[in-house]
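J.: Here you go, one structure.
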Amino acid sequence: MTEEQSKVLPDLIEEKEPSSFRLILALGIAGLMSGIILVGIFIYTNPMIKANKEAAIKRAIFKVLPGCETYTPLKLDDGKLIEKVASDDNKEESDKEELLIYAGYNTNKELIGFAIPGDEPGFQDVIGAIFGYDDKENVIIGFEVLESKETPGLGDKIFKDADFQTNFSALAVEPEIVPVKKGEKQNANEVETITGATISSKAIVKLLNKSMGVWQTNIDEYIKENKIRVSEKHE
Amino acid sequence: MDNLMWIFISALLINNFTLSYFLGLCPFLGVSGKLETAFRLGLANIFVMLITAACAYVLNTWVLIYAPYLRLISFIIVIASSVQFVEMALKKLSPDLFRALGIFLPLITTNCAILGLALFSTNKGYGFVEGMIYALGAGGGVTLALVLLAGVREETRILNIPNVIQGSAINLIIAGIISMAFMGFAGLFSS
Amino acid sequence: MNKLVEYKNQNAQEFLKGLWDENPVFVAVLGMCPALAVTNTAINSLAMGLATTFVLLCSSILVSTFKSIIPKQVRITAYIIIIATFVTVVDFALAAFTPAIHKELGAFIALIVVNCLILGRQEAFASKNPVGLSIMDALGMSAGFTFAMLCIGIPREVLGSGSLFNIQLFGDSFEPWVVMILPPGGFFMLGFLLLGFNWYSQKKKERALIKQKLN
C-alpha cells in the first residue's frame, strides 16, 4: 500500500502550484461532490445513530436500576449536579468529555436511584461499566459492563458469569467495597471475585470505589438541594 | 500521572499496535528483514505518530465538533500534508536526522498504524498530553515489534526452511508466536 | 456472435482472477490489518468483506467513469477523497442500521480507507479500463477478499468459541481453543492458510511441468 500512498505527497504539493488551475478545479469538484454525499448521508443517518445510542444507554440504565421507568441525565456544573438540557445538535461529539450520571424514577415519579458510568484499566484494556446506586439504602443495586476486551473464557466472566452478577444485588458501598475470595463473603460490602479472573474482578471493585468517591457527595448534595425525600432523610 | 503511565504501557506492550491490533503490518512484513532498517523505520514511525497525535487533537477539538462527517478525509489529508511539511523543515534544520529517517517518511505516512492512532486516540477522548503519550507508546510498540521480528528473521536466513513456508507464511507464524508472548503483558498494570 | 462470447469471457476472466489467481489476501498479501483484526467471528468477517465490497465497487465505478477528466498529477489525492467518502458512508450506514456490528468492528471500518487493496485496484485497473470491466474486476477482487476473510474467520470462530455465526456447534464438553480468537490466532491462521496456498500452487506447477515433459 505504502508505495502507492507515498505518491499522495508530491501531488499535494503540486496542487498548490499556481500554474495548474485545472488540478485545483478537479480536486475542488471531487471535494464538492464528496461533501454533498457526506452531508447527505450524515443528515439522513444521524437521527438513527443518535436513537441507537440513546436506546443503548436506556437499556443499560433500566437493567442496573430495576423498576426504573424514566430517567434524567445530570451533569456536574461548578461542583453541583444539575439537570442536563438537550444541547446543540451540532456539538454532540463534545458530549464524550462531559461526565454524566442518570437519575432514575419509577412509575410514581419517585426517585429510586442513580445510574453511574465509570471506567478502569482491567486485565487487557479499559473496562467501561455502568452501575445502579440506591442512595436511600446506600447500596449498589445493579451492574452492567458496557465495554471490555477481557480474555474470553476468563476475564469476560465479569459480564457472563451469573454468580458474579449476584454480588451486585445489594452491595453496601460504605466504608469501602472489598474484594474477597469466592465463597468467603460475610459482610454486605464484600464482592466475591471470580476464580481465574481475579484481576478483572478487582478492577471492577476499584471502578466502583472510584466512581462512588467521585459522585457520592455530589449526589447527597443534589438530594438535599432539591429537597427530594426530605421526610425519609429525617427519619 | 498514574493514568498517563497506564496509557503508555498499554499502548507499548499490552495492546501493542502491531501485535494485537494488526496495524502497520505492511512495513512489519515487508521491510523488517534487517535489524537496523527495522529500528530506523520504527523511529520514523514514532516521529510521524507524534505529528499525527498533534494534528488529530487540533482537528478533533476545533473542526470536527462542527462537522463529524469530515473526520476521515480531514485526518488523512491533514496528516499527510503536515508530515510532508515537517519533512521539508527537517531537511533544512537537521540534515542528519533527515538522512536517518527521511526515506521512510513517505512510506509510512497514512498507513494503517498512523490513521489507527488518530482514530483510536480521538475515540478514547484523549486530551493533548494524553494523546502525545499514547502516540509515544504506540510508536514505541511498533518499533519494538519491528525490531523483534527483524531479529528473528535475520536468524532464519541462515536456516534451511522448506520452500512452501518461506515468505509471508513463516513471518506470520513468527509474528503469532511473538504476539503470544506479548499476551503475557496483560494484567501488568493492575494488581 | 463471436465478439459477444469473447466479451463475456473477458468479463468472467476479470471476475475469476480476483477470486483465485490474484486473490488479494492469499496471493498479493494486501489488506492484512482487517483480514486479521476483525476475523475473530464469521459474522464480523462477512460484514467487513461486504463493507469493503461496497467501497471498492463504488470507487471503481466513479474512478473509471471520470478517469479521463481526473488530471494525472492529482489522481491519487482524488482517489483518496473518493474512497474516504464511501468509507464514511459505510461507517454511518452501519452505525445507523446495525449498531451491534458497528460496535464490534469499531475503528476498523474507518480503516478500510487505508486498505491497500482498494487504492491498488483504482491505480492498477479502474483508472485504465472501461466501467464494465472495472465493475467485474471490483466484484471479483472483493469476492476474493470476502472469501479470504471467511476462510480465516470461520475456522477461528469454530475453534476459538465452538460456534459458527453465533450458533453453538458442540456440546458443553467442548473446551474452546481461546487463543484462536485472540490476536495470535489471527497470525497463525493466516500463516497456515498461506502455507496451504503455497503448497497447492507448487504442486500445481510441478504437475504442469511433468505434463509438459510427457508431451
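The values are calculated or read from the model by the stated rules, or taken from the named source; none is laboratory data. Because the structure is a prediction, the values reported are computed rather than measured. Here the Cβ positions follow ideal geometry from the backbone for every residue, glycine too, while neighbour counts run over all protein chains shown. Keep in mind that these areas ignore ligands, DNA and RNA; they rest on the heavy atoms of the full protein, side chains included. Shrake-Rupley method; radii C 1.70, N 1.55, O 1.52, S 1.80 Å.
J.: Only one of these conditions is not met by B:A135: (1) within 12 Å of another protein chain (Cβ to nearest Cβ); (2) under 27 Å from C:I81 (Cβ atoms). Which number is it?
T.: The single condition B:A135 does not satisfy is (1).
J.: Let me ask something else. From C:A100, C:A12, which residue is within 30 Å of C:G160 (Cα to Cα), out of contact with any Ser or Thr (no Cβ under 6 Å at 6 or more places or on another chain) and part of a helix (DSSP H, G or I)?
T.: When all the criteria are applied, what remains is C:A100.
J.: Please work out which residue is nearest to the other protein chains (Cβ to nearest Cβ), limiting yourself to the range B:81-97 and to residues that are of a type in the set (D, E, K, R) and open to solvent by 40 Å² or more (accessible area, probe 1.4 Å).
T.: For the range B:81-97, the residue satisfying everything is B:K91.
J.: When you scan the range C:85-98, do you find a residue that is charged (D, E, K, R) and modelled with pLDDT under 90, even just one?
T.: Taking every residue of the range C:85-98 in turn, none turns out to be charged (D, E, K, R) and modelled with pLDDT under 90.
J.: Checking A:R59 against (1) within 14 Å of another protein chain (Cβ to nearest Cβ); (2) open to solvent by 70 Å² or more (accessible area, probe 1.4 Å); (3) modelled with pLDDT of 80 or more; (4) more than 13 Å from the chain's Cα centre (by Cα), which test does it fail?
T.: All conditions are met except number (4).
J.: Mind listing just one residue for me: the one in the range B:44-80 that is touching a Cys at 6+ places or on another chain (Cβ under 9 Å) and either away from chain A (no Cβ under 12 Å) or open to solvent by 30 Å² or more (accessible area, probe 1.4 Å) (or both) and, of those, modelled with the lowest pLDDT?
T.: Among residues in the range B:44-80 that are touching a Cys at 6+ places or on another chain (Cβ under 9 Å) and either away from chain A (no Cβ under 12 Å) or open to solvent by 30 Å² or more (accessible area, probe 1.4 Å) (or both), the one modelled with the lowest pLDDT is B:V78.
J.: Residue check, A:I13 against (1) at pLDDT 85 or above; (2) in contact with a helix residue (DSSP H, G or I) (Cβ under 8 Å, 6 or more places away or on another chain); (3) of a type in the set (A, V, I, L, M), all met but one. Which one?
T.: (1)
J.: Can you tell which of B:L12, B:L23 is open to solvent by less than 50 Å² (accessible area, probe 1.4 Å), more than 11 Å from chain A (Cβ to nearest Cβ) and not in a helix (DSSP H, G or I)?
T.: B:L23
J.: Being within 22 Å of B:N16 (Cα to Cα), within 14 Å of chain A (Cβ to nearest Cβ), of a type in the set (A, V, I, L, M) and open to solvent by 10 Å² or more (accessible area, probe 1.4 Å) narrows it down to one residue among C:L111, C:L159, C:L182; which is it?
T.: Working: C:L111 fails: open to solvent by 10 Å² or more (accessible area, probe 1.4 Å); C:L159 fails: within 22 Å of B:N16 (Cα to Cα).
C:L182 is the lone residue from the list that is within 22 Å of B:N16 (Cα to Cα), within 14 Å of chain A (Cβ to nearest Cβ), of a type in the set (A, V, I, L, M) and open to solvent by 10 Å² or more (accessible area, probe 1.4 Å).
J.: May I pose another question? Which one is nearest to C:C151 (Cα to Cα) among residues in the range C:4-39 that are within 14 Å of another protein chain (Cβ to nearest Cβ) and not hydrophobic (A, V, I, L, M, F, W, C)?
T.: C:T39
J.: From B:A145, B:A150, grab the single residue that is more than 14 Å from chain C (Cβ to nearest Cβ), under 19 Å from the mean Cα position of the chain (by Cα) and within 27 Å of B:S10 (Cα to Cα).
T.: The unique qualifying residue is B:A150.
J.: Separate question: Which of the following residues is assigned to a helix (DSSP H, G or I), buried (at least 18 other Cβ atoms within 10 Å of the Cβ), within 14 Å of chain C (Cβ to nearest Cβ) and in contact with a Gly (Cβ under 6 Å, 6 or more places away or on another chain): B:A118, B:A113? Before the answer, list the steps.
T.: Values: B:A118 fails: in contact with a Gly (Cβ under 6 Å, 6 or more places away or on another chain).
When all the criteria are applied, what remains is B:A113.
J.: Please give the strands (runs of 3 or more DSSP E) falling wholly within the range A:112-198 in which 1 or more residues are touching a Phe, Trp or Tyr at 6+ places or on another chain (Cβ under 6 Å) and buried (at least 22 other Cβ atoms within 10 Å of the Cβ).
T.: Working: elements: A:126-134, A:139-147, A:178-180, A:190-192.
Strands (runs of 3 or more DSSP E) meeting the threshold: A:126-134, A:139-147.
J.: Now, a different point. One residue is enough: does the range B:175-186 have a residue meeting the conditions over 19 Å from C:M189 (Cβ atoms), touching a residue at least 60 places away in the same chain (Cβ under 8 Å), surrounded by 18 or more Cβ atoms within 10 Å (Cβ to Cβ) and facing another protein chain (nearest Cβ under 7 Å)?
T.: Looking through the range B:175-186, at least one residue is over 19 Å from C:M189 (Cβ atoms), touching a residue at least 60 places away in the same chain (Cβ under 8 Å), surrounded by 18 or more Cβ atoms within 10 Å (Cβ to Cβ) and facing another protein chain (nearest Cβ under 7 Å).
J.: With C:I135, C:I152, C:I118, C:I109 as the choices, which residue is closer than 27 Å to A:L146 by Cβ and touching a residue at least 12 places away in the same chain (Cβ under 8 Å)? Lay out the reasoning, then the answer.
T.: Values: C:I135 fails: closer than 27 Å to A:L146 by Cβ; C:I152 fails: closer than 27 Å to A:L146 by Cβ; C:I118 fails: closer than 27 Å to A:L146 by Cβ.
From the options C:I135, C:I152, C:I118, C:I109, the qualifying one is C:I109.
J.: Here's a follow-up. Could you pull out the residue among B:I161, B:I170 that is farther than 14 Å from B:N15 by Cα, buried (at least 18 other Cβ atoms within 10 Å of the Cβ) and more than 21 Å from the chain's Cα centre (by Cα)?
T.: B:I170
J.: Part of a helix (DSSP H, G or I) and either within 11 Å of another protein chain (Cβ to nearest Cβ) or within 21 Å of B:I108 (Cβ to Cβ) (or both) - does that describe any residue in the range C:44-58?
T.: In the first step, residues of the range C:44-58 are kept if they are part of a helix (DSSP H, G or I); the result is C:44-58.
This time we only want the ones that are either within 11 Å of another protein chain (Cβ to nearest Cβ) or within 21 Å of B:I108 (Cβ to Cβ) (or both), so: C:58.
Yes, there is a match, as at least one residue in the range C:44-58 is part of a helix (DSSP H, G or I) and either within 11 Å of another protein chain (Cβ to nearest Cβ) or within 21 Å of B:I108 (Cβ to Cβ) (or both).
J.: Here is a list: C:Q202, C:Q212. Which entry is within 11 Å of chain B (Cβ to nearest Cβ) and either under 30 Å from C:K72 (Cα atoms) or out of contact with any Lys or Arg (no Cβ under 8 Å at 6 or more places or on another chain) (or both)?
T.: Going through C:Q202, C:Q212 in turn, just one is within 11 Å of chain B (Cβ to nearest Cβ) and either under 30 Å from C:K72 (Cα atoms) or out of contact with any Lys or Arg (no Cβ under 8 Å at 6 or more places or on another chain) (or both): C:Q202.
Table: residues versus (1) open to solvent by 30 Å² or more (accessible area, probe 1.4 Å); (2) farther than 26 Å from C:I76 by Cβ; (3) among the charged types (D, E, K, R).
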residue	(1), (2), (3)
C:V90	no, no, no
C:A96	no, yes, no
C:N115	no, no, no
C:L119	no, no, no
C:L133	no, no, no
C:G144	no, no, no
C:L150	yes, yes, no
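J.: When you go through (1) in contact with a Pro (Cβ under 9 Å, 6 or more places away or on another chain); (2) open to solvent by less than 30 Å² (accessible area, probe 1.4 Å); (3) over 18 Å from C:A37 (Cα atoms) one by one for B:L107, which number turns out not to apply?
T.: Just one mismatch for B:L107, condition (2).
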